[in-house]
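Trainee: Encoded as structure tokens, here's the structure I'll be asking about.
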Amino acid sequence: MAEIFECVNLSKSYGSRQALAALNFSIPRGRIVGLLGPNGSGKTTLLKLANGLLTPTQGQVLIDGHAPGIRSKRLVSYLPERSALPQDMNARQLLRYYGEFFPDFDEQRARQMLQNLGIEEKLGIKQMSKGTREKVQLILTMSRDASLYLLDEPIGGVDPATREYILRTIIGNYNPDAAVIISTHLIADVEQILDEVLFLRQGQLVLQADAEQIRETKGMSVDALFREEFKCLGN
Amino acid sequence: MSWQFQGNMPIYSQLVEYLRQRIASGYYAPGQRLPTVREIAVEAGVNPNTVQRAMAELEREGLVYSQRTAGRFVTEDPDRVKTESTLLARQQIDAFLRSMALLGYSRAQVLAIMQQEEEEHPNGGNL
């Protein structure tokens, strides 16, 4: 079986600016991986490439052994950096809409999560606060039985209590044969749930390591290592 | 008891200690079926593979055992639990006595303080 996610010599340039430089790594099923890097390090570009929203300048990104396409859309559940919910629907309509789009969408699960977070199904997207919209978007993303979840800054705009609920939602809902990639710069908040971390700096992969191993061998948290790594070299 | 983890140490070993404590204290009773790895991961807010690793360690120590389909259980042997609880208590007392020694208190002085404490506040009235 092919790795669920693989980058082979993957490069992306925007004009003369290189956003990603020859990335080579793979992620097996069953792992929760943190894609960590300062702003502008290439995290969002990488996730967009994985979704086929951008095309590589060189090399390739493979989802279960195939380039992004119709097949991979069935496998990948993507939480974009910016919310892209249809404005004229309420939460209930949105669930139905998602269910029609994605055969692996579990409406029951989504309902339960809306309820847990106290979000009324009749509430229109337009009336929701920014934080609530982010919660809804994450609920939709995590209610699919996908093989790969790509979460771009899932906890950026929400309060700490919700942040905790969201992280627990991620742990509680992903299927153990699936992988989760979480991009963030809020490392201290997510590091407990990560198997593995990838550090990106200016489009280059500077570290791929097991999170527990970092704590074990270096006696420091992933957050502390990140701060050190990105301080010494001035980003 | 809420789960708090030190960032600069492996989480799995901290989980082992939490779970060991729960078993020794009877929070998880002998023979009781344990929550699933996923449930513990969600409750503690940690990675399921880390919980899995902690469980494997407790199995190696004989504190829990797994049954193929039924899940994981606390050992049914009350003596095994008792040994663990005694060991944990011993560690706490040793650590306490070491701290007191650093403050310059002899064991006899510590005992005297404890005695007085019990007379003034029976059953830990001020705790």
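Since every read-out is calculated from the coordinates, none of them should be taken as a lab result. What you see is a predicted model; the values in this text were computed from it and never measured. Quick reminder, even Gly has a Cβ in these numbers, built from the backbone with ideal geometry, and neighbours come from all protein chains shown.
Trainee: If all Cα-Cα distances of region A:119-160 are sorted into 10 Å bins from 0 onward, what percent lands in each bin, rounded to whole numbers?
Mentor: Taking all Cα pairs of region A:119-160, the binned fractions are 25, 51, 23, 1 percent.
Trainee: Too long at a 18 Å Cα-Cα cut-off: which of A:43/A:130; A:73/A:135; A:12/A:48? Don't skip to the answer; put the middle values down first.
Mentor: Values: A:43/A:130 22 Å; A:73/A:135 22 Å; A:12/A:48 11 Å.
Beyond 18 Å between Cα atoms: A:43/A:130; A:73/A:135.
Trainee: Calculate the spin-label point distance for residue B:123 paired with residue B:85, positioning each point 7 Å from the Cα along the beta-carbon direction, and give it in nanometres.
Mentor: Inter-label distance under the simple model: 1.9 nm.
Trainee: Normalise the Debye intensity by I(0) for chain A, one equal point scatterer per Cα, no solvent, then take log10 at q = 0.13, 0.14, 0.15 Å⁻¹ and round to two decimals.
Mentor: The computed values of log10 I(q)/I(0) come out as -0.78, -0.91, -1.03.
Trainee: Does anything in region A:107-125 have its amide N under 16 Å from the 7 Å Cα→Cβ label point of residue A:175, and if so which residues?
Mentor: Only A:107-110 pass the distance filter.
Trainee: Continuing with this model, one more query. Counting only C-alpha contacts under 8 Å and six or more residues apart, can you give the relative contact order of chain A as a whole percent? All intermediate terms of the calculation are to be shown ahead of the outcome.
Mentor: On the way: 431 pairs, mean separation 63.0, N = 235.
It comes to 27 percent, rounded to a whole number.
Trainee: In whole angstrom, how far apart do the alpha carbon centroids of region B:16-91 and region A:35-56 sit?
Mentor: Centre-to-centre distance over Cα atoms comes out at 41 Å.
Trainee: Net charge near residue A:166, counting Lys/Arg +1 and Asp/Glu -1 over other residues with Cβ under 14 Å of its Cβ?
Mentor: On the way: positive: A:133, A:135, A:163, A:168; negative: A:134, A:152, A:153, A:159, A:164, A:189.
Residues close to residue A:166 contribute a combined charge of -2.
Trainee: Quick one: dipole size for the protein assembly as shown, taken about the Cα centre, charges +1 on Lys/Arg Cβ and -1 on Asp/Glu Cβ, in debye to the nearest 20. Working shown, then result.
Mentor: Values: 40 positive and 43 negative charges, 236 e Å.
About 1140 debye.
Trainee: While we're looking at this one, here's another question. By how many degrees, between 0 and 90 and to the nearest 10, does the Cα long axis of helix B:11-24 differ from the longest principal axis of chain B?
Mentor: The answer is roughly 70 degrees.
Trainee: Looking at region A:98-141, which GluC sites (Glu not before Pro) are in a loop (DSSP not H, G, I, E or B) and have at most 16 other Cβ atoms within 10 Å?
Mentor: Working: sites: A:100, A:107, A:120, A:121, A:134; in loops: A:120, A:121.
Answer by residue number: A:120, A:121.
Trainee: Something else now. Within straight cross-link reach of residue A:231, meaning Cα distance under 17 Å, which aspartates and glutamates are found once same-chain residues fewer than 8 apart are removed?
Mentor: Those aspartates and glutamates meeting the cut-off are A:223.
Trainee: Continuing with this model, one more query. Based on alpha-carbon centroids, what's the gap between region A:4-33 and region A:179-197 in Å, whole number please?
Mentor: Region A:4-33 and region A:179-197 have Cα centres spaced 17 Å from each other.
Trainee: Please give the length that would be gained between residue A:189 and residue A:81 if that part of the chain were fully extended, namely 0.36 nm times their separation in residues minus their C-alpha to C-alpha distance (nm, one decimal). Before the final figure, lay out each step's value.
Mentor: Numbers: separation 108, 0.36 × 108 = 38.88 nm, distance 1.77 nm.
Difference between extended and current length: 37.1 nm.
Trainee: Relative contact order for region A:14-145 using alpha-carbon pairs under 8 Å, separation at least 6, rounded to a whole percent?
Mentor: 21 percent
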